[in-house]
Amino acid sequence: MAIVLISASQDIAQWRESFAALLSGVELRHWPDIGVADEIDMAIAWKAPEGALKSLPNLRLICSLGQGTDHLFRFDDLPPGVPITRLVDDSMRRQMTAYVIAAVTRRLCRMADYAAYQAKGEWHPLAAYDPAAAVVGVLGLGALGRDAAEKLAGLGFEVRGWSRNPAFIPGVECFNGKRSLAEMLGPCDMVCCLLALTSETLGILDARAFAAIKPGAYLINSARGGHVVEADLLAALDSGHLDGATLDVFEAEPLAADSPLWDHPKVELTPHISAVTMVQSCAGQIAENYRRMTAGQPLLHVVDPDREY
Ligand code: OXD
């Protein structure tokens, strides 16, 4: 049998090298050069083209090549009954937490303002800051959000967390359910979105959510562009209700050349790099799932298709 990697952005040579050491004798093919489709029993997928997964008649496992799984539910074309797993990876968790802390502390320390003063040759101390006086909201308390919330609390921030289901994190005031969203957002100086994108969280950061956050707050989105209604974000920034945003993800990627976000004075953006899938870190858990699948053992990090993550 064989595995297919369906991803335009991955280096197949690197994956083959890793898999040769982890799964000897199993061939790794690269979409669309799949050879005989019947021979493929596992797909490793990131933004698979519509119909690709359904075209593999003997598929027994789909591994999302990301922590997020929303890319698999884009087309409603998943082969029924085939289990799905996702990555839960220490390197991605560390990367994401570092990104969030960088954005939060950069904002707190007014680094963008100091860069502007430096460009003008001005020595201009601004008001002193204390992390304990800043309220940071973290949306999503899964593997990534929980770690970021814990580390922010460890730095002394007052952290509020929000998730679909109840969560308990020492040092973090936790809220759950849609009805408590506005209450959680209310006092936040900064809001970090680390939610999974599902039909329930699509567009969750809209005009209503922004209006619930106190004036002058700052948004960090490193989850998915689909969480934020971009037109509402631009309106909140332009009206002055939000004071700025750090964005790593966008409704459409790559961000269109004519997007007003590129040169918006209140926006700092990065090209979806907050947690990158690294072969050396992720290949082990995918190979382990292949081994478990063939041995009929319980899989790691199984996705619930009804919850979409
Ligand atoms: C992911 C991502 O879901 O990189 O892992 O966005």
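The values are calculated or read from the model by the stated rules, or taken from the named source; none is laboratory data. Quick caveat, the model's predicted, so the values are computed rather than measured. Because the Cβ atoms are built from the backbone with ideal geometry, glycine has one as well, and the counts that use them run over all protein chains shown. Note: areas computed on protein heavy atoms with side chains; ligands, DNA, RNA excluded. Shrake-Rupley method; radii C 1.70, N 1.55, O 1.52, S 1.80 Å.
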note = So for the chain, using the alpha carbon gyration tensor with a ≥ b ≥ c as root eigenvalues (a/c under 1.5 gives rounded; past that, a/b versus b/c decides prolate or oblate), I'd call it prolate
Karplus (6.51, -1.76, 1.60) ³J(HN,Hα), θ = phi - 60°, over segment 49-55, in Hz, Gly and Pro reported as x = x, 4, x, 4, 5, 5, 7
ask   = So how far apart, in nm, are the two label points at Ala21 and Glu50 if each is 7 Å from Cα heading toward Cβ?
value = 4.1 nm
key: Loop GluC sites (Glu not before Pro), segment 1-94 (other Cβ atoms within 10 Å of the site Cβ: 16 or fewer; DSSP)   = Glu50
request  = Identify, among Leu261, Leu155, Ser199, the residue whose Cα sits farthest towards the positive end of the charge dipole of the chain, taking +1 on the Cβ of Lys and Arg and -1 on the Cβ of Asp and Glu, with the dipole about the Cα centre.
outcome  = Leu155
key: Amide H contacts under 5 Å for Ile220, placed H, 5+ residues apart   = Val191, Cys192, Cys193, Thr246
note = Two pseudo-spin positions, 7 Å from Cα along C-beta at Phe75 and at Thr270, lie apart in nanometres by 3.1 nm
inquiry  = Quick one: 3J(HN,Hα) in Hz for segment 116-132, Karplus 6.51/-1.76/1.60 with θ = phi - 60°, rounded, Gly and Pro as x.
reply    = 5, 5, 4, 4, 9, x, 9, 8, 9, x, 9, 4, 5, 10, 9, x, 5
message = Let me cross-check Tyr129: its accessible surface, 1.4 Å probe, with only protein heavy atoms counted, in Å² to the nearest 10?
response = 120 Å²
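If packing is taken as the mean number of other Cβ atoms within 10 Å per residue, what is the order of 244-254, 289-299, highest first? Working shown, then result.
On the way: 244-254: 18.4, 289-299: 13.8.
Averaged packing, sorted descending, gives the order 244-254, 289-299.
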Cut-off 14 Å, label 7 Å out along Cα→Cβ of Ala212, residues of segment 127-148 by amide N = 137-140
note = In nm, the gap between the two label points placed 7 Å beyond Cα toward Cβ at Ala257 and Asp113 is 3.6 nm
request  = Please list, in chain and number order, the residues 5+ apart from Val4 or on another chain whose amide H is under 5 Å from its amide H, with Hs placed from the backbone.
outcome  = Arg29, Met42, Ala43, Ile44
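Starting from segment 84-138, pick out the trypsin sites (Lys or Arg not before Pro) whose DSSP state is loop and whose Cβ has at most 12 other Cβ atoms within 10 Å.
On the way: sites: Arg86, Arg93, Arg94, Arg106, Arg107, Arg110, Lys120; in loops: Arg86, Arg110, Lys120.
For trypsin sites (Lys or Arg not before Pro) across segment 84-138 that sit outside H, G, I, E and B with at most 12 neighbouring Cβ atoms in 10 Å, the list reads Lys120.
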key: Sequence-distant aspartates and glutamates (8 or more away, or on other chains) whose Cα lies within less than 18 Å of Lys151   = Asp89, Asp90, Asp130, Glu173, Asp189
request  = Can you tell me which of 187-199, 71-83 comes out highest on packing, and rank the rest after it, using the mean Cβ neighbours within 10 Å?
outcome  = 187-199, 71-83
remark   = Dividing the helical contributions, -39500 (n - 2.57) per DSSP H run of n ≥ 4, by the residues of the chain yields a 222 nm value, nearest 500 deg cm²/dmol, of -8500 deg cm²/dmol
message = If you count only protein heavy atoms with a 1.4 Å probe, what accessible area per residue comes out for the chain, rounded to a whole Å²?
response = 47 Å²
Rounded, prolate or oblate (a/c below 1.5 giving rounded, otherwise prolate when a/b exceeds b/c) for segment 171-286 by Cα gyration tensor = oblate
request  = Compute the length gained on full extension between Glu200 and Ala133: take 0.36 nm times their separation in residues and subtract their Cα-Cα distance, giving the result in nm to one decimal.
outcome  = 20.9 nm
query = Full extension from Ala231 to Asn165: what is 0.36 nm times the residue separation minus their Cα-Cα distance, to one decimal in nm?
reply = 20.9 nm
inquiry  = I need the phi-derived Karplus couplings for segment 212-217: 6.51 cos²θ - 1.76 cosθ + 1.60, θ = phi - 60°, integer Hz, Gly and Pro marked x.
reply    = 6, 7, 5, x, x, 6
remark   = Long-range amide H partners of Leu242, meaning residues 5 or more apart or on another chain whose placed amide H is closer than 5 Å, are Gly216, Leu237
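If you roll a 1.4 Å probe over the chain with all protein chains in place, what percent of the accessible area is carbon or sulfur? Don't skip to the answer; put the middle values down first.
Details: 7950 of 14550 Å².
Ligands and nucleic acids excluded, carbon and sulfur reach 55 percent.
Test of understanding: what is the full-extension gain from Asp90 to Gln280, defined as 0.36 nm times their sequence separation minus their Cα-Cα distance? It would help to have the intermediate numbers written out before the result.
On the way: separation 190, 0.36 × 190 = 68.40 nm, distance 1.16 nm.
Extra length from Asp90 to Gln280 when fully extended: 67.2 nm.
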